[in-house]
């Protein structure tokens, strides 16, 4: 639970909110909800996303449920402070794709009195912490972890399993490329992938000797 009004009104510092989870967990949906509430309250809001994210729209931040809000695509985190001047609220989507400078940017904005709302994947498709997200979660005042529903068990999902044979860390995709899995389902899926690789890399040797 995060507080939108501080008790000590003399303190002019802002704060950082992180919304994290797997693919299809509703991270962007929650980000848009909070930003639209701020806009409705007539607060000065700016939204940013990495330029590589063009899945739905070049400029709009769009959730899987087709909710959207206008944003400014930026190639690097260092561009954000210049464009976020005089803002009350700054939203950042797909934060895992930014360079590590995003950590300093978010903290500098919060220290200037800005409310910073960040959304991103907390783990990559290998189940490892993703880019700057761990540091953002550590320095944030409020962290909200949202969950998808596992496509194989129906339980809560926290892993993003990549269904395609692509080992690049950054690969944008949708349901054709990814599916949300629970811990148990993810473990079994990754085990099956390892077995497949062993079978491919170590084919059965065919003996050329004639039977005696």
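None of the figures in this text is laboratory data; all of them are computed from the coordinates on show. Note that the structure is a prediction, hence the values are computed from the model and not measured. Reconstructed Cβ throughout: ideal geometry from the backbone, glycine too, with neighbour counts over all protein chains shown.
When the convex hull of the Cα atoms of segment 15-146 is projected onto a plane and the area is averaged over all directions, what value comes out in nm²? Don't skip to the end; give the middle numbers.
Working: hull surface 28.2 nm².
Average projection, Cα convex hull of segment 15-146: 7.1 nm².
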Seminar exercise, completed: For the residue 188, residue 39 Cβ pair and Förster radius 41 Å, calculated FRET efficiency rounded to 0.05 is 0.40
For this session: Figure the gain on full extension for residue 197 and residue 111 (residue separation times 0.36 nm, minus the Cα-Cα span) and round it to one decimal in nm.
Result: 26.1 nm
For this session: Just grab the label-to-label distance for residue 104 and residue 141, each label 7 Å out from Cα along the Cβ direction, in nm (one decimal).
Result: 2.4 nm
Problem set entry | Potential lengthening between residue 52 and residue 163 on full extension [0.36 nm per residue; Cα-Cα distance subtracted] | 37.9 nm
